[in-house]
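I have placed the structure first, in the form of structure tokens, so that the comments after it can refer back to it.
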Amino acid sequence: MILMASKKKRRLIIRTVILTVMTAAVIYTLYANFTKESRSKVSAGDMAPDFVLEDLNGDKHQLSSYKGKGVFLNFWGTWCKPCEREMPYMNNQYKEFKDQGVEILAVNVGEPEFQINKFVKKHGLDFPVLKDKSKDIMNMYGVFNLPATLLVNPEGKVIKVEEGELTEQKIREMMESIKPKGS
């Protein structure tokens, strides 16, 4: 009788411990998810975090090396239909603004190079397409939804963060807003 009572008591203790651990894990997960935007998201007014990424030709691009130019920093994926629809508009505006001190850096997040190359060729993209294989830069910028575009002024400050698909007119206006003075 005493042996049965101690087994039941032990089971109750083990179940209580497991339930407590599981409850703590759920609470932590909810807290982490609800606060992740406030912890790491780059916002308008912040200095753009510097990074170095390779393009499809193996050339390295460091964001800080574009100081003095406006940078249209776009995060995208080949599977993302809104990303695909805005790419031709970005390419059109790149051709118009590249000689006016505005650059596009299109950061692909986590996809194989073969897939990215196929996409770039299909759409005839002229601007630098960078590879963020491990999604480190995406996470550093706090990007959670694609497409996402950040406008970086010639001084290196983020002046606008835009999530979602952009029209050609909106892209034109955004590029105009980061054009260096006197260009």
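The values are calculated or read from the model by the stated rules, or taken from the named source; none is laboratory data. Since the structure is predicted, the reported quantities are computational estimates derived from the model, not experimental observations. Ideal geometry is used to build each Cβ from the backbone, glycine not excepted, and the neighbour counts take in all protein chains shown. Please note that ligands, DNA and RNA were not included when accessible areas were found on the heavy atoms of the full protein model with its side chains. Shrake-Rupley method; radii C 1.70, N 1.55, O 1.52, S 1.80 Å.
When the pairs Lys41/Lys121; Lys69/Lys121; Lys41/Lys98; Lys118/Lys160; Lys95/Lys179 are compared against a 20 Å limit on Cα-Cα distance, Lys41/Lys121; Lys69/Lys121; Lys41/Lys98; Lys118/Lys160 fall above it. Near Lys133, the amide H atoms lying under 5 Å from its own belong to Gly110; only residues 5 or more places off or on other chains count, and H is placed 1.01 Å from N.
Computed over the Cα atoms of segment 101-183, pair by distinct pair, the Kirkwood hydrodynamic radius stands at 14.1 angstrom. Return the Rg/Rh ratio of segment 36-154 with Cα-based radii and a Kirkwood Rh. Here Rg/Rh amounts to 0.93.
Kindly state, to the nearest 0.05, the FRET efficiency for Thr20 paired with Asp136, given R0 = 35 Å and r defined as their beta-carbon distance.
0.50
Each residue of segment 118-128 was assigned a 3J(HN,Hα) from its phi angle through the Karplus expression (A = 6.51, B = -1.76, C = 1.60, θ = phi - 60°), giving 4, 5, 4, 5, 4, 9, x, 6, 9, 7, x Hz with x at Gly and Pro.
Across segment 158-167, coupling constants 3J(HN,Hα) worked out from phi with the 6.51/-1.76/1.60 Karplus curve, θ = phi - 60°, read 6, 10, 7, 10, 10, 9, x, 5, 10, 7 Hz, and Gly and Pro carry x. As a calculated quantity, the FRET efficiency between Gln100 and Asn145 at R0 = 30 Å, using C-beta atoms, amounts to about 0.55.
The GluC sites (Glu not before Pro) of segment 72-171 meeting both criteria, a DSSP state outside H, G, I, E and B (loop) and at most 14 other C-beta atoms within 10 angstrom of the site's C-beta, are Glu155.
Give me the percent of accessible area attributable to carbon and sulfur for segment 71-130, probe 1.4 angstrom. Heavy-atom surface of segment 71-130 belonging to carbon and sulfur, 1.4 Å probe: 52 percent.
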